[in-house]
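Worksheet: the structure to be examined is printed underneath.
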Amino acid sequence: MTTATDRKRQPPVQKGQDVTLDIDRLAYGGRGVGRADGFVVFVPGTTPGDRVRARPWRVKRGYAEADLVAVEAPSPHRTPPPCPHFGPCGGCVWQHVVYEAQVAAKESIVRESLTHLAGATDVPVRPIITMADPWRYRNKMEFTFHPSGVLGLHRRGAFDRITPIESCLLQSHAANGILSAVRAFAAESELSRYAPRERTGLLRQLVIREAAATGEIMAAIVTTAPEVPALRALAERLIASEPRIAGVLHAVNPGVSDGVSFASITVIAGRPYIVDVIDGLRFRIGLETFFQTNTAQAERLVRIVGEFARLGGGETVYDLYCGVGTFSLALARQAARVYGVEIAAPAVEAAAENAALNGLANVEFTSGDVRKVLAALAVRTGRPDLVLLDPPRGGAGGRVMRRVIETEAPRVIYVSCNPTTLAPDLKELLAGGYTVRTVQPIDLFPHTYHVECVALLERGL
């Protein structure tokens, strides 16, 4: 028997029944947020200020998820997406939102995420750093072959469906030329394309990397087997059409996931890396190298870290999750000694090469799990003056944060690409005696919901 109390608790929307909503903000994840009698409904493809008709497809006790049926009254923040592939393509989710509203939403997301920190309801968040031109900023793109014959990007929310991409507005004109040339090669060669469900087929991916400072380009064809006819002819065609290509590579990935390490990488023409420059430092970037995909904003990110570090020349610095040494090398120019820790051995090797390339001898890199090696590092080097960490999107986690606290470093700089995991990690530091001094959001990924931010914490103040 349903009581009056139970009826009051019933959500005011029902699955499959249209509801009219006013969208008041954008949430992390990309969807707009509307409310029906105060009940939250998430609707993709919407903009703050829109009045929309939406159809719920999932209704929970605290929220609902709905499909957009129609925009009944468009927001002044809504704009026609300039890319013809927008919508099905999973690369961008906010092209329909004017850029000023995108970055305002990202800043709000950071502020909202950090207001839940215990005892830190007034965390000082700086205005977000934006891009003057939020297009053609990506220095790396990965396109996927599909058995249907298309070459493009994954459809939103689908691992086995590909949106054909003729030209991507997030990469350069030169990179789009390479995309067209490889598409033509695949059609002419009639080589089979990988089918993820059946796990059959040869051609798998095209990876394009481009160095903003030097202009060098790398093109790599990823296949499921090492023997591929006509790859050398393709390399010659690409280099003839784009002289800035420094290397054409062939990588083999026979595994199930696109994200696993390659079984082999062969140089078809040129060399296996390109060189880019950030804040005066030269970096060799290979096919598997992690490097920020927005070079211009990455340089601003490095400078913010330098500003927060306030090094005077005699300090010991730990750079956790150091990758190929982007922050380590920048800080080594100002510190006495920098120790970088990274679990991926190839990244550690690349970081050491980059240190030598820039003539920096006061930096040491270690391969290992941060959680397991940090305590031993502190015993060997003594208390660090600064701990910098830039963990993956999932965050560092409580066990790592407790190891950071145990170092008793006076200052911690946390570089985050996910405010929803940054907040719980900072909460651990607050419990360990640290105070958040400032947080700087920066937009590295226009037209997506992703936002980078740098947090400075100090101990015992």
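So who's got an amide H within less than 5 Å of the one on Arg271, skipping anything under 5 residues away but keeping other chains? H placed 1.01 Å off N, in plane.
Amide H neighbours of Arg271, under 5 Å, 5+ apart: Gly247, Val248.
Using Cα centres only, tell me the gap between the stretch 172-218 and the stretch 329-362 in whole Å.
Comparing the Cα centres of the stretch 172-218 and the stretch 329-362, I get a distance of 32 Å.
Go through the stretch 339-351 residue by residue and turn each phi into a ³J(HN,Hα) via Karplus (6.51, -1.76, 1.60, θ = phi - 60°); whole Hz please, and just put x for glycine and proline.
3J(HN,Hα) across the stretch 339-351, in whole Hz: 10, x, 10, 8, 6, 7, 4, x, 5, 5, 4, 5, 4.
Using just the helices of the chain, give the 222 nm mean residue ellipticity in deg cm²/dmol: DSSP H runs with n ≥ 4 each add -39,500 (n - 2.57), and the total is spread over all residues, rounded to 500.
On the way: 10 runs with 119 residues, N = 461.
Dividing the helical sum by the residues of the chain leaves -8000 deg cm²/dmol.
I need the semi-axes of the equivalent ellipsoid of the chain: take the C-alpha gyration tensor, multiply each eigenvalue by 5, square-root it, list largest first in whole angstrom. Each step should come with its number before you reach the end.
Numbers: eigenvalues 264, 240, 75 Å².
Equivalent-ellipsoid dimensions as semi-axes: 36, 35, 19 Å.
Amide H to amide H, which residues 5 or more places from Val69 or on other chains are under 5 Å from it, using H placed in the peptide plane?
Arg53, Ala54, Arg55
Taking other Cβ within 10 Å of each residue's Cβ, how do Val267, Val103 sort, fewest first?
Working: Val267 15, Val103 22.
Arranged by neighbour count, lowest to highest, Val267, Val103 become Val267, Val103.
If we count every other residue with Cβ under 14 angstrom of Arg244's Cβ, Lys/Arg +1 and Asp/Glu -1, where does the sum land? Don't jump to the answer; show the numbers that get you there.
Details: positive: Arg209, Arg271; negative: Glu210, Glu216, Glu242, Asp276.
Once positives and negatives cancel, what remains is -2.
Which net charge results for the neighbourhood of Leu456, defined as the other residues with beta-carbon distances under 12 angstrom from its beta-carbon, given Lys and Arg at +1 and Asp and Glu at -1?
Numbers: positive: Arg126, Arg310, Arg411, Arg437, Arg459; negative: Glu307, Glu458.
That sum, taken over residues with Cβ under 12 Å, equals +3.
How big is D, in µm² s⁻¹, for the stretch 1-152 by Stokes-Einstein at 20 °C and 1.002 mPa s if Rh is the Kirkwood radius over C-alpha pairs?
On the way: Rh = 17.9 Å.
Stokes-Einstein gives a translational diffusion coefficient of 120 µm²/s.
For the stretch 384-459, which trypsin sites (Lys or Arg not before Pro) pass both filters: DSSP loop (anything but H, G, I, E, B) and at most 10 other C-beta atoms within 10 Å? Working shown, then result.
Numbers: sites: Arg393, Arg399, Arg402, Arg403, Arg411, Lys427, Arg437, Arg459; in loops: Arg393.
Taking the stretch 384-459 and a limit of 10 other Cβ atoms within 10 Å, the loop trypsin sites (Lys or Arg not before Pro) found are Arg393.
Dividing the alpha-carbon radius of gyration of the stretch 140-274 by 2.2 N^0.38 Å (N being the number of residues), what value is obtained?
Values: Rg = 13.8 Å, N = 135, 2.2 N^0.38 = 14.2 Å.
Output field value: 0.97.
Using alpha carbons only, how many angstrom separate the centre of the stretch 249-271 from the centre of the stretch 65-93?
36 Å
Would you mind giving the three semi-axes, in whole Å and largest first, of the ellipsoid equivalent to the stretch 4-73 according to its Cα gyration tensor? Mind showing how you got there, number by number?
Values: eigenvalues 82, 28, 22 Å².
Ellipsoid semi-axes (Å, largest first): 20, 12, 11.
Compute, for the chain, the length of the dipole vector about the Cα centre, with Cβ point charges of +1 (Lys, Arg) and -1 (Asp, Glu) only. Units Debye, rounded to 20.
Working: 52 positive and 47 negative charges, 208 e Å.
The calculation lands at about 1000 debye.
Could you tell me which of Leu170, Val404, Leu311 has its Cα farthest along the dipole of the chain towards the positive end, charges placed at Cβ (Lys, Arg +1; Asp, Glu -1), taken about the Cα centre?
Going by the Cα projections, it comes out as Val404.
Rule-based calculations on the coordinates, nothing more; no lab input. Fair warning: this is a prediction, and the values are worked out from it, not measured in the lab. Methodologically, a virtual Cβ is constructed for each residue, glycine included, from the backbone with ideal geometry; neighbour enumeration extends over all protein chains shown.
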